[in-house]
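Here's the structure, in structure tokens; my notes come after.
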Ligand SMILES: [Zn+2]
């Protein structure tokens, strides 16, 4: 039901908002939260943000904070060979995938990963040959360097006085309270010719339209803002950031995760095998590729640069 609200859409600035309820489902507490959906651009945002969000991240099963998996010297050599082969041929993609080949930063580029969790991604980039890596995450225990090339900062990205050639957010943007502020910070800390990469869920998703508050990537209350492609583009224009390319990169998670919630389960990977056959997962993968090609997958990769 539409409401008259003093709040504005954090993406397109419209005050034409509709309220709906969503429950915490990842851990299965079923605590209820109010969200606002923009009736103009379709983006959604959590209405009242809890002062302390750490209880919603502190569970030891939260996937981003498991201990760092380090590579042996031999594994590092193999990863470096594999990366060079992938960058040249597109074959043997490492787990961090297609976006790196598209951006093709130099091995000496300074790279920031905002919302880095335990830092596994930048560690993998280091193991594959990159040399200047910084991860930022407010939920880290403290600032520390894994080695002279990989630095993890508990402080927020906004507080850093470093600048970067590549600034990345892999499923971190939606955990931010203020998308405009973080995009402004990215812009001000981006070196000339630098690139910004933001991977985030989007409300263009067919699964959002169909399943609404059961959508696995709504993820109340951890996801504070979820843009539509239109809303995100409008925000970028306001901040003065250029959207170079938008690629839908959703996968089968949107289907099996949402289906677990529909059945009343929490998000437990052990339940995948019990609930879905290999054939069903394969079908979900195919459907995700189809949705991506139609622009209705549930997540995208925004490639951005300075205007
Ligand atoms: Zn809007």
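The values are calculated or read from the model by the stated rules, or taken from the named source; none is laboratory data. Quick caveat: nothing in here was measured; it's all calculated off a predicted structure. Virtual Cβ from ideal backbone geometry, glycine too; neighbours counted across all protein chains shown.
Is one or more of the residues making up segment 66-80 at pLDDT below 80, farther than 28 Å from residue 179 by Cβ and more than 16 Å from the ligand (Cβ to nearest atom)?
Here is the first cut: in segment 66-80, the ones at pLDDT below 80 are 66.
In the following step, the residues that additionally are farther than 28 Å from residue 179 by Cβ were identified as none.
Within segment 66-80, none of the residues are at pLDDT below 80, farther than 28 Å from residue 179 by Cβ and more than 16 Å from the ligand (Cβ to nearest atom).
May I ask you to verify whether residue 267 is surrounded by fewer than 16 Cβ atoms within 10 Å (Cβ to Cβ), closer than 22 Å to residue 115 by Cα and in contact with a helix residue (DSSP H, G or I) (Cβ under 9 Å, 6 or more places away or on another chain)? No. The numbered conditions (1) buried (at least 19 other Cβ atoms within 10 Å of the Cβ); (2) under 14 Å from the mean Cα position of the chain (by Cα); (3) closer than 26 Å to residue 50 by Cα are all true for residue 171 except (1). For segment 81-138, the candidate set comprises residues that are in contact with a strand residue (DSSP E or B) (Cβ under 9 Å, 6 or more places away or on another chain) and on the phi > 0 side of the Ramachandran plot; within that set, the residue that is modelled with the lowest pLDDT is 117. Listed by first and then second residue, the pairs with beta-carbon distance under 9 Å, at least 6 apart or on different chains, first residue in segment 19-46 and without any contact (Cβ under 8 Å) to a residue 40 or more places away in the chain and within 22 Å of residue 265 (Cα to Cα), second in a loop (DSSP other than H, G, I, E, B) and within 16 Å of the ligand (Cβ to nearest atom), are 34/47. Checking each residue in segment 204-221 for being surrounded by 24 or more Cβ atoms within 10 Å (Cβ to Cβ) and touching a strand residue (DSSP E or B) at 6+ places or on another chain (Cβ under 7 Å) picks out only 218. Residues in segment 49-61 include none that are within 16 Å of the ligand (Cβ to nearest atom), at pLDDT 80 or above and assigned to a loop (DSSP other than H, G, I, E, B). Are any of the residues in segment 133-147 free of Cβ contacts under 8 Å to residues at least 40 places away in the same chain, closer than 22 Å to residue 159 by Cβ, surrounded by 20 or more Cβ atoms within 10 Å (Cβ to Cβ) and over 16 Å from the mean Cα position of the chain (by Cα)? Yes, that holds for at least one residue.
Does segment 181-190 contain at least one residue that is assigned to a strand (DSSP E or B), out of contact with any helix residue (DSSP H, G or I) (no Cβ under 6 Å at 6 or more places or on another chain) and at pLDDT 95 or above? Yes, the conditions are met somewhere in segment 181-190.
Assess whether residue 262 counts as being modelled with pLDDT of 95 or more, surrounded by fewer than 16 Cβ atoms within 10 Å (Cβ to Cβ) and in contact with a helix residue (DSSP H, G or I) (Cβ under 8 Å, 6 or more places away or on another chain). Yes, satisfied.
Is there a residue being on the phi < 0 side of the Ramachandran plot, within 16 Å of the ligand (Cβ to nearest atom) and either modelled with pLDDT of 95 or more or part of a strand (DSSP E or B) (or both) anywhere in segment 26-35? Yes; the residues of segment 26-35 include at least one that is on the phi < 0 side of the Ramachandran plot, within 16 Å of the ligand (Cβ to nearest atom) and either modelled with pLDDT of 95 or more or part of a strand (DSSP E or B) (or both). Any idea which of 105, 73, 55, 50 is surrounded by fewer than 20 Cβ atoms within 10 Å (Cβ to Cβ) and touching a helix residue (DSSP H, G or I) at 6+ places or on another chain (Cβ under 8 Å)? The conditions single out 50.
The residue that is surrounded by the fewest Cβ atoms within 10 Å (Cβ to Cβ), counting only those in segment 1-25 that are at pLDDT 95 or above, assigned to a loop (DSSP other than H, G, I, E, B) and more than 15 Å from the ligand (Cβ to nearest atom), is 24.
The residues of segment 222-237 that are farther than 14 Å from residue 304 by Cβ, within 13 Å of the ligand (Cβ to nearest atom) and surrounded by fewer than 23 Cβ atoms within 10 Å (Cβ to Cβ) amount to a single one, 230.
Among the residues of segment 226-276, count how many are assigned to a helix (DSSP H, G or I) and within 18 Å of the chain's Cα centre (by Cα).
Looking only at that region, the number is 12.
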